[in-house]
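Asker: Have a look at this one before I ask anything.
The values are calculated or read from the model by the stated rules, or taken from the named source; none is laboratory data. Keep in mind that this is a model prediction, so the values were computed, not measured. Note that we place each Cβ from the backbone using ideal geometry, even for glycine, and neighbour counts take in every protein chain shown. Just so you know, the surface numbers come from the protein's heavy atoms only, side chains and all, with ligands and any DNA or RNA stripped out. Shrake-Rupley method; radii C 1.70, N 1.55, O 1.52, S 1.80 Å.
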Amino acid sequence: MFKPDCPLCSDQARSIALWHNQELRVIDAADPNYPGFTRVVWHDHAAEMTDLNSPERRHIMDVVWVVEETLRKTLKPHKVNLAQLGNQVPHVHWHVIPRWTVDPSFPDAIWAAPAARAVEQQQAWQALRTQVAELVPKYHEALRDALESM
């Protein structure tokens, strides 16, 4: 069910899909601080995972696992965070977030205030972030291929 006031239902949100099928879409979160940050968004408006039936829950999680696995193989983060919150947008979606020990918020959630960092660590993150951003098109291509072969 499309809701025009939902940011995950908007035409803009739908237009940035890297891949989609009848049930869901996979989008690049386009967060410049976290290159490779990806969202898996269920098309129908459901607030909680338990609003989905068992096959639907399996399907969205299978896609989340493919996103995580592809992200790990291509971008090689130190850690991957998975989050399904919906506190601000009550629409089932998963955040798949690559993390590095030198990123601004590590080890806290990316939504936490960035910790004070030494200049060296800030420079290390800038350099790594640039390298990772250059790999994102390769990640997107590999992700499309992996999702098509599910």
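Asker: With the condition kept exactly as written, say whether any residue in the range 84-95 is more than 24 Å from Leu8 (Cβ to Cβ) and surrounded by fewer than 17 Cβ atoms within 10 Å (Cβ to Cβ).
Answerer: no
Asker: Kindly provide the set of residues from the range 91-120 that are basic (Lys, Arg) and assigned to a loop (DSSP other than H, G, I, E, B), ordered by number.
Answerer: Correct list: Arg117 only.
Asker: Let me ask something additional. Collect the residues in the range 27-40 that are under 8 Å from the mean Cα position of the chain (by Cα) and hydrophobic (A, V, I, L, M, F, W, C), keeping them in residue-number order.
Answerer: Within the range 27-40, Ile27, Ala29, Phe37, Val40 meet the criteria.
Asker: I would also like to ask the following. Go through (1) in contact with a strand residue (DSSP E or B) (Cβ under 8 Å, 6 or more places away or on another chain); (2) open to solvent by 20 Å² or more (accessible area, probe 1.4 Å); (3) under 19 Å from Ile110 (Cβ atoms) and name the single condition Glu56 misses.
Answerer: (3)
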